[in-house]
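Trainee: Sharing a structure below in structure tokens format, with a few things to ask.
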Amino acid sequence: MTVNVVVPGLSDRQRAELEALPGADQMRFHSLLDVETLTAAPHFDLESLLDRAREELATLGRVDAIVAHWDFPTSILVPILAMENSIPSPSLKSFLTCEHKYWSRLMQAEAVPECVPDFAAFDPFDDDPLSGIEVAFPFWVKPVKSHSSQLGFEIHDADEFYEAVAQIRREITVIGDAFNQALGMVDLPPEIERFSGNSCLAEQIISGRQVAPEGSMYRGEFITHGVFDMRKSANGLTFDRLDYPAGSVSDELIARMLDVSERYLRHIGFDNGCFNVEFMWDDEIDKLWVIEVNTRISQSHSELFLRVDGTSNHEYAIDVALGRRPEPGSRRGPYRMASKCLLGRADDGVVTSTPTQHDLARLRAEEPGCTVEVDVQPGDRLSELPNQDPYRYVLATVYVGGQEVDDLEQAYERASELLPFTFE
């Protein structure tokens, strides 16, 4: 029997990846709403999105699975719509516990206190928001809910703090107002009622190697899909590469990360869903920190799973949503390792030219199997692009495969050299 799989904001690339999965001939993939509505709208109204989504679902007749690939508001639509259609999914409360950064830190402090940096919540609209923060300078400031590190700032003194707060006040409600609508759908603990979706978190700055396990909870069973190295850029504020499988840390440390992830997810009652957890390991003091917990597979991992394992993590997400146990770890792909490389620029500017077909062909000739997605077009002003972090604008995404980590590093260096961009 053909099953109906619904993917909010289904992009052309995602559809191609899904239709290449084993057993895809027995599935029909349906987009719900559209990519721009769910990722690039200037304002989100969760109730309106839910009403539109329900109307579209009603036209399908039967819905067998709903899978999320995008951040908020998509991530919150899924547990709500899944519950209404009797489809396996984590509870809305467990989703919100992860996605509200302060709430997540409070739960981490209960379940895995050894991995939690100093933190404090604050209201950026208070007359003197700095007065209630006891975290020592320097620290990070970020909204309790945002996209792609937006409105995240490294703060060294009071002047920088209030400069960041001024920008946060102008922009935080784009996500925060809609996030408050979601928070209003569950019973909140008193400490979270005080800090709405338009609140912020100050956190101790941590350092080290960044590593990210991805997996799923299936009917109470903790399953690992894979573990990824997040290779930092020279400034230490962003990352240049995502490598799979992780090779920068020991198997013993990976086991510790997986144990921490499982303890936290069980503590908040997260089940029948996928996750990825970002960790930082300070090797000088052997300290493991939790950065954040995300309530879905990472699209950044999909192409890398495909190159190494022979299938993407879309398969695991669909399995869980259909009530089937995922079976990761096959290693049937053409490469032993794979990497997602980000080519970026720190300064604002208007794009005047991007790599030509000749440039792309030359790179593919030198690095067989390399694929490139150019993320900007001539005429784009970088500061106006959606979902960019404060310290780097992404110009292109390059996927490469290799047999050793040196192959990945070489491919990244050649891509940086052979893919020219110009600006004014």
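Trainee: Can I get the semi-axes of the stretch 1-152's equivalent ellipsoid? Compute them from the C-alpha gyration tensor as square roots of 5 times the eigenvalues, in angstrom, largest first. Could you put the intermediate results ahead of the total?
Mentor: Numbers: eigenvalues 259, 59, 43 Å².
Computed over the stretch 1-152, the values are 36, 17, 15 Å.
Trainee: So if we plug the beta-carbon distance of Asp282 and Arg52 into 1/(1 + (r/R0)^6) with R0 = 51 Å, what FRET efficiency do we get, rounded to 0.05?
Mentor: Details: r = 46 Å, r/R0 = 0.89.
For Asp282 and Arg52, the calculated efficiency is 0.65.
Trainee: Give me the distance between the Cα centres of the stretch 187-263 and the stretch 8-77, rounded to whole Å.
Mentor: Cα centroid to Cα centroid, the span is 25 Å.
Trainee: Using the basic label-point model (7 angstrom from Cα toward the beta carbon), what is the Glu154 to Phe125 distance in nanometres?
Mentor: Using points 7 Å along Cα→Cβ, the separation is 3.1 nm.
Trainee: In debye, nearest 20, what is the charge dipole magnitude of the chain about its Cα centre with +1 on Lys and Arg Cβ and -1 on Asp and Glu Cβ, if you could check? If you can, show how the numbers build up before the last one.
Mentor: On the way: 37 positive and 72 negative charges, 274 e Å.
For the chain, the charge dipole is close to 1320 debye.
Trainee: Order Glu171, Glu214, most accessible first, counting only protein heavy atoms with a 1.4 angstrom probe.
Mentor: Sorted descending by solvent-accessible area, the residues read Glu171, Glu214.
Trainee: Could I ask something else about it? Ignoring everything but the protein chains, give the 1.4 Å probe accessible area of Asp45 in square angstrom, nearest 10.
Mentor: Solvent-accessible area, nearest 10 Å²: 60 Å².
Trainee: Right, something else. Which order do the peptides 268-275, 160-167 take when ranked by the mean count of other beta-carbon atoms within 10 Å per residue, highest first? Don't skip to the end; give the middle numbers.
Mentor: Details: 268-275: 21.6, 160-167: 15.8.
In decreasing order of mean packing, 268-275, 160-167 become 268-275, 160-167.
Trainee: Cα atoms only: what Rg and Dmax, in Å, come out for the stretch 287-424?
Mentor: Rg, Dmax (Cα atoms, Å): 17.3, 52.
Trainee: In square nanometres, what is one fourth of the surface area of the convex hull spanned by the alpha carbons of the chain? Provide the component values of the computation, followed by the final result.
Mentor: Values: hull surface 81.4 nm².
So the mean shadow area of the Cα hull is 20.4 nm².
Trainee: In Å², what does the accessible area per residue of the chain work out to with a 1.4 Å probe? Don't skip to the end; give the middle numbers.
Mentor: Values: 17910 Å² over 424 residues.
Counting only protein heavy atoms, the per-residue value for the chain is 42 Å².
Trainee: Further question on the same structure: Just the ratio, please: alpha-carbon radius of gyration of the stretch 365-424 over 2.2 N^0.38 Å, N its number of residues.
Mentor: Output field value: 1.29.
Trainee: Between the stretch 151-169 and the stretch 306-368, what is the separation of their alpha carbon centroids in Å?
Mentor: 34
Trainee: Once the dipole of the stretch 42-126 is set up with Lys and Arg at +1 and Asp and Glu at -1 on Cβ about the Cα centre, which of Pro88, Leu50, Phe122 lies farthest towards its positive end?
Mentor: It is Pro88, whose Cα lies furthest towards the positive end.
Trainee: Ignoring any ligand, DNA or RNA, what whole percent of the accessible area of the chain comes from carbon and sulfur when the probe is 1.4 angstrom?
Mentor: After summing per-atom areas, the C and S share lands at 46 percent.
Trainee: Per the helix-only calculation at 222 nm, which mean residue ellipticity applies to the chain, given -39500 (n - 2.57) for every DSSP H run of n ≥ 4 and division by its residues, nearest 500 deg cm²/dmol? Write out the running numbers ahead of the final one.
Mentor: Numbers: 14 runs with 146 residues, N = 424.
Helix contribution divided over all residues of the chain: -10000 deg cm²/dmol.
Trainee: Further question on the same structure: Which lysines have a Cα lying under 22 Å from the Cα of Lys142, excluding residues fewer than 8 positions away in the same chain?
Mentor: In chain and number order, the partners are Lys93, Lys101, Lys232.
Trainee: Here's something else I'd like to know. Mind grabbing the base-10 log of I(q)/I(0) for the stretch 72-218 at q = 0.16, 0.18 Å⁻¹? Debye formula, identical points on the C-alpha positions, no solvent, two decimal places.
Mentor: For the requested q values the scattering log ratios are -0.93, -1.14.
The values are calculated or read from the model by the stated rules, or taken from the named source; none is laboratory data. Just so we're clear, the structure is a prediction, and the values are computed from it rather than from any experiment. Cβ: placed from backbone, ideal geometry, glycine included. Neighbour counts: every protein chain shown. Quick note on the areas: whole protein, heavy atoms, side chains included, nothing else; ligands and nucleic acids left out. Shrake-Rupley method; radii C 1.70, N 1.55, O 1.52, S 1.80 Å.
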